[in-house]
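The values are calculated or read from the model by the stated rules, or taken from the named source; none is laboratory data. Note that the structure is a prediction, hence the values are computed from the model and not measured. Ideal geometry is used to build each Cβ from the backbone, glycine not excepted, and the neighbour counts take in all protein chains shown. Areas reflect the complete protein model, heavy atoms only, side chains present, ligands, DNA and RNA absent. Shrake-Rupley method; radii C 1.70, N 1.55, O 1.52, S 1.80 Å.
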Amino acid sequence: MTKNLRLQDKRIVITGAASGIGYAAAGLMAAEGARVLIADLNEDAATAAAADIGNGAVGVAVDVLDETSIKAMIDRAVAAFGGIDVLCNHVGGSDPRKDLDLLRLDLAEWDRAMALNARSTVIACRLAIPVMIDEGGGSIVNTVSVAGLTGDTLQCAYGAAKAAVIRLTQYIATQYGPKGVRCNAVAPGAVMTPSLSGNVSADVIDEIRSHNALDMIGTPEDIGWAMVYLASDESRYMTGQTLVLDGGLTAQSPIASSRRKLLDD
Ligand SMILES: NC(=O)c1ccc[n+]([C@@H]2O[C@H](COP(=O)([O-])OP(=O)(O)OC[C@H]3O[C@@H](n4cnc5c(N)ncnc54)[C@H](O)[C@@H]3O)[C@@H](O)[C@H]2O)c1
């Protein structure tokens, strides 16, 4: 008897998936039977990623800061696959050299971070939801961050933009749930991606790990599996939620890591 794959024949659009977490998620989704449209600013990398993951994946260029470009991405998915079952608004971030504490924050970076993380999600959802409703519904998976759940010393634009997407996730779930559209988010803690290892030194990464309950830093696949679950019908009773995958960083008391060190001494 043939085993049913978890995402058999799902048609998935995922932005920013030419590298890092998005690439891993796209690969897991294709292996579970999905047809995946990988959309990324880097068109060559998107095309190469699509060829790598296979199962009819398509790589396209998108700049999520540009509404016309997002529309072209959605149109391309409909033309290639005949519809969209899952939209993953995965692109995000901010420039840590400009996104500082409130007093030193570059306001242009505030606007860019809001556009990259939140406005892009609004636009893509506005275009994809009618397509989903036409076929009885779908699932939206937004990538946020633990930075959207608590305060921190730097990157206040990034944190505020991810917090906006967490609340937007609840509004979309509320407004389109009756039409069969679910909307959830994944909130990663630190994940070992090229952008983390490229921007953060090994001792800072060790320091981050010491604040997790689990003695590890997550891999892109650790987040990708959660995205597979939210994309699939296994999560059909779940909407408006933010699934936190952070090694226990936000679950434990802020003093737990120093207490643990005392116990170890
Ligand atoms: N890596 C982490 O530790 C971590 C932690 C929490 C949340 N996140 C979130 O996960 C998501 C992906 O992070 P990552 O570290 O895997 O990223 P990454 O830097 O490895 O990959 C980002 C991809 O997005 C593409 N991209 C950048 N700007 C774009 C634009 N304007 N339009 C389209 N594509 C664009 C890049 O070309 C790249 O392929 C982001 O939303 C990020 O905020 C990451």
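A few remarks follow.
- Each of Ala77, Gly93, Gly56 was scored by the projection of its Cα onto the charge dipole of the range 1-137, and the greatest displacement toward the positive side belongs to Gly56; charges sit on the C-beta of Lys, Arg, Asp and Glu.
- Dipole axis of the chain (+1 Lys, Arg; -1 Asp, Glu on Cβ), positive-most option in Thr47, Leu102, Gly180: Gly180
- When only Cα pairs below 8 angstrom with a gap of at least 6 residues are kept, the chain shows a relative contact order of 18 percent.
- Principal-axis tilt of helix 67-81 within the chain, Cα atoms, nearest 10 degrees: 50
- The Tyr171 and Lys261 beta-carbon pair, evaluated with R₀ = 51 Å, returns a calculated FRET efficiency of approximately 0.80.
- Gain on full extension, evaluated as 0.36 nm per residue between Asp9 and Ser253 minus their Cα-Cα distance, stands at 83.6 nm.
- Cross-link table Lys3/Lys71; Lys10/Lys162; Lys98/Lys162; Lys98/Lys261; Lys71/Lys179, entries beyond 25 Å C-alpha to C-alpha: Lys3/Lys71; Lys10/Lys162; Lys98/Lys261
- Using a Förster distance of 22 Å, the FRET efficiency for Asp215-Arg97 (Cβ separation, nearest 0.05): 0.10
- Carbon/sulfur fraction of accessible area - the chain, other protein chains in place, 1.4 Å, %: 54
- The range 35-97: trypsin sites (Lys or Arg not before Pro) in DSSP loop, at most 16 other beta carbons within 10 Å: Arg97
- Whole-Hz couplings from phi, Karplus 6.51/-1.76/1.60, listed for the range 163-169; x for Gly and Pro: 4, 4, 6, 4, 5, 4, 4
- Note on Ile133 and Ala51: their simple-model spin labels are 4.0 nm apart, each label 7 Å out from Cα toward Cβ.
- Per residue solvent-accessible surface (Å²) - the range 105-248, probe of 1.4 Å: 48
- Placing pseudo-labels 7 Å out from each Cα toward the beta carbon at Asp203 and Asp233 gives an inter-label distance of 5.4 nm.
- Dipole magnitude of the range 1-153, debye to nearest 20 (Cβ charges: Lys/Arg +1, Asp/Glu -1, about Cα centre): 400
- With a Förster radius of 30 Å applied to the beta-carbon distance between Ala108 and Met192, the computed FRET efficiency rounds to 0.50.
- Sites matching trypsin sites (Lys or Arg not before Pro) across the range 209-265 that sit in DSSP coil, with at most 16 neighbouring C-beta atoms within 10 Å: Arg236
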